[in-house]
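Chemist: Sharing a structure here in structure tokens format.
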Amino acid sequence: MAREPGRGRRDRDEAPEFQDRLVAINRVSKTVKGGKRFGFAALVVVGDQKGRVGFGKGKAKEVPEAIRKATEQAKRQMVRVPLREGRTLHHDVNGRHGAGKVVMRTAPQGTGIIAGGPMRAVFEMLGVQDVVAKSIGSQNPYNMIRATLNGLSKEASPRMVAQRRGKKVADILPKTDAPAADAPAEQAEA
């Protein structure tokens, strides 16, 4: 059984390593001499649900072509975001783009994704399971996604902070075991 040349690489590319989510589709019209010409603009978020996410926009005369263009652009513009335990953010963070502002807070396990519309799509494609987020200002989905990604780009893991400061991760993280042992003794004396 002979294989076709160049076929193996194409098969690997078709493996669904990325999930995509259509966030918004907009019908746009152009007025011309004979009437109106309609086109479609699509906004798509793509991610691997393991810490990588990107968004793209595409315009075309037909909806499927616009979605395809947006998906390709999103795959080219992916960013990596460090996640704590693969389920939530390391710390609270704010993001903004234009008039769009978003507040994202880390959440305990079991909280789920508490976020609206376009922000929810970004978190689902990123692989975040527990987060509380609020959008303030612009409700434009393009600006909300850009503000969300702006905030996520500020996210830093303890390993990244330790490396930047030239220290060990243990020196960066707060010591939680020592104060917990002293707390019951102080309450008994009081």
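The values are calculated or read from the model by the stated rules, or taken from the named source; none is laboratory data. None of the values given here were measured: they were computed from a predicted structure. Heads up, the Cβs are rebuilt from the backbone with ideal geometry, glycines too, and the neighbour counts pull from every protein chain shown. With ligands, DNA and RNA removed, areas are computed over all heavy atoms of the protein, side chains included. Shrake-Rupley method; radii C 1.70, N 1.55, O 1.52, S 1.80 Å.
Chemist: Residue pairs, Cβ under 6 Å, 6 or more apart or interchain, first in the stretch 76-91 and under 14 Å from V132 (Cα atoms), second modelled with pLDDT under 90 and among the hydroxyl-bearing types (S, T, Y). List them.
Modeler: Every condition considered, the pairs that remain are H90/S157.
Chemist: Which one of these does T106 not meet: (1) in contact (Cβ under 8 Å) with a residue 40 or more places away in the chain; (2) touching a His at 6+ places or on another chain (Cβ under 7 Å); (3) surrounded by 16 or more Cβ atoms within 10 Å (Cβ to Cβ)?
Modeler: (1)
Chemist: Here is a follow-up. Does the stretch 157-172 include one or more residues that are under 16 Å from V81 (Cα atoms) and touching a strand residue (DSSP E or B) at 6+ places or on another chain (Cβ under 7 Å)?
Modeler: Filtering the stretch 157-172 for residues under 16 Å from V81 (Cα atoms) gives 157-161.
Among the residues that remain, those that are also touching a strand residue (DSSP E or B) at 6+ places or on another chain (Cβ under 7 Å) are: none.
No, that holds for no residue.
Chemist: Out of R27, R21, which single residue is under 19 Å from the mean Cα position of the chain (by Cα), at pLDDT 90 or above and of a type in the set (D, E, K, R)? Steps first, answer last, please.
Modeler: On the way: R27 fails: under 19 Å from the mean Cα position of the chain (by Cα).
The unique qualifying residue is R21.
Chemist: I've got another one for you. Quickly run through the stretch 27-55 and pick out the residues that are under 19 Å from G116 (Cα atoms) and in contact with a Leu (Cβ under 9 Å, 6 or more places away or on another chain).
Modeler: Narrowing the stretch 27-55 to residues under 19 Å from G116 (Cα atoms): 42-47, 49, 53-55.
Selection gives A42, L43, V44, V45, G47, Q49, V53, G54, F55.
Chemist: Now a separate question. Only residues that are within 15 Å of E17 (Cα to Cα), among the basic types (K, R) and in contact with a strand residue (DSSP E or B) (Cβ under 9 Å, 6 or more places away or on another chain): list them for the stretch 29-79, please.
Modeler: Listed by number, the residues that qualify are R52, K75, R76.
Residue-by-condition table, conditions (1) modelled with pLDDT of 95 or more; (2) under 18 Å from L149 (Cβ atoms); (3) open to solvent by less than 80 Å² (accessible area, probe 1.4 Å); (4) aliphatic (A, V, I, L, M):
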{"residue": "A41", "(1), (2), (3), (4)": "yes, no, yes, yes"}
{"residue": "G54", "(1), (2), (3), (4)": "no, yes, yes, no"}
{"residue": "R76", "(1), (2), (3), (4)": "no, yes, no, no"}
{"residue": "R80", "(1), (2), (3), (4)": "no, yes, no, no"}
{"residue": "L89", "(1), (2), (3), (4)": "no, yes, yes, yes"}
{"residue": "V93", "(1), (2), (3), (4)": "no, yes, yes, yes"}
{"residue": "G98", "(1), (2), (3), (4)": "no, yes, yes, no"}
{"residue": "T111", "(1), (2), (3), (4)": "no, no, yes, no"}
